[in-house]
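This report refers to the structure that appears directly beneath it.
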Ligand SMILES: CC(C)(COP(=O)(O)OP(=O)(O)OC[C@H]1O[C@@H](n2cnc3c(N)ncnc32)[C@H](O)[C@@H]1OP(=O)(O)O)[C@@H](O)C(=O)NCCC(=O)NCCS
């Protein structure tokens with residue numbers, strides 16, 4: 001997938017596949033997150049992204065693992081959308097999304113769900129799965145707004161969502 005542009009709250013953002021040299025920018029973005037955003041993304045405390053974690057997140061093969069980033073005009077990353085395909089048949093993929101606090105609630109999350117779904121579908125993924133806090137209405141609305149229908153099971157405040165993407 002090539003890059004595309006998008007205007008969010010008056011700021012032109014470039015949406016493009018993540019690159020191996022995004023590690024430092026990914027860690028910088030993470031340092032700017034509020035505790036709430038980190039908790040919603042990682043379902044726990046995760047104040048720092050280690051260099052090893054950042055390398056793992058930025059080194060993807062584009063088929064089994066893929067991620068999109070949104071980059072602002074200064075070159076800072078402001079959002080990530082990713083999927084990791086799951087064994088045994090690799091037809092389902094676990095997805096995760098995070099938008100920097102200053103850019104939340106402007107439609108970026110919903111747009112990233114749609115773009116990730118298009119790439120995943122072309123790569124042969126049939127279903128997205130995600131673990132989301134039951135209180136995280138923004139993520140659940142973003143899935144719905146992007147046209148995904150979720151069946152869910154709930155356990156201790158976490159909803160396990162399964163969403164066909166065909
Ligand atoms: C969840 C997240 C990715 C959504 O991205 P976003 O850019 O903020 O979402 P959008 O602006 O596209 O909004 C999506 C929908 O959620 C709604 N919404 C946004 N913030 C909301 C909030 N705090 N409470 C309820 N609904 C909210 C929007 O109104 C929209 O719904 P609508 O079209 O029915 O009005 C983003 O908020 C985020 O990064 N949160 C922290 C990390 C996280 O929760 N990750 C999910 C775990 S995988």
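Taken together, the values in this text are just the output of simple stated rules run on the coordinates, not laboratory data. What you are looking at is a predicted structure, and each value in this text was computed from that prediction instead of being measured.
The alpha carbons of the range 76-149 occupy a box of 38, 29, 19 Å along the principal axes, longest dimension given first. Give the dimensionless ratio obtained when the Cα radius of gyration of the chain is divided by 2.2 N^0.38 Å. Normalised Cα radius of gyration, the chain: 0.97. Centroid-to-centroid, using Cα positions, the range 39-61 and the range 109-166 are 20 Å apart. Relative to the globular-protein estimate of 2.2 N^0.38 Å, the Cα radius of gyration of the range 1-78 stands at 1.13.
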